[in-house]
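Notes follow the structure.
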Amino acid sequence: MKVKRIMANTATEELGKAAAFYGDILGLDLLMDHGWFRTYGADAKMTVQVSFGTEGGSGTPVPDLSIEVDDIEAALARFEKASVPIEYGPVSEPWGVRRFYVRDPFGKLVNVLQHE
């Protein structure tokens, strides 16, 4: 048996907030819409990963979700334009990533990063 995909699921009654954050700001496509359950994503090939930690590095809390982007400055500008508070960073970390933390509309801590 091989794991083919891992999906994060978040319970909410406010699907529009997911559309604004994950669709409008992050630019993910709406891949599935059952009305009561929506999935956002991209057609990029991704590595299956699940991470566990005692901290998020540099003394930060462990993020609920990490999203790697190809242009961290463009991502930062989108979050700032949408008035989403930046909780940490942007910072270049000693392990080779530039990143910042934001919270999604459901309180999940999101680590947005780019490998340097």
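The values are calculated or read from the model by the stated rules, or taken from the named source; none is laboratory data. Quantities reported herein were computed from a predicted structural model and do not represent experimental measurements. Counting neighbours? That spans all protein chains shown, and the Cβs are built from the backbone with ideal geometry, glycine included. For accessibility, only protein heavy atoms count, side chains too; no ligands or nucleic acids. Shrake-Rupley method; radii C 1.70, N 1.55, O 1.52, S 1.80 Å.
Conditions tested, residue by residue: (1) over 14 Å from V102 (Cα atoms); (2) loosely packed, with under 10 Cβ neighbours inside 10 Å.
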position	(1), (2)
K2	yes, yes
M7	yes, yes
A19	yes, no
G23	yes, no
D29	yes, no
V48	yes, yes
A75	no, no
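Looking across region 92-109 at every residue that is over 16 Å from D71 (Cα atoms) and touching a Leu at 6+ places or on another chain (Cβ under 7 Å), the one that is most open to solvent (accessible area, probe 1.4 Å) is identified as R103.
Please state which one of G56, G41, G35 is open to solvent by less than 60 Å² (accessible area, probe 1.4 Å) and closer than 16 Å to L113 by Cα.
Values: G41 fails: closer than 16 Å to L113 by Cα; G35 fails: closer than 16 Å to L113 by Cα.
Unique residue meeting the criteria: G56.
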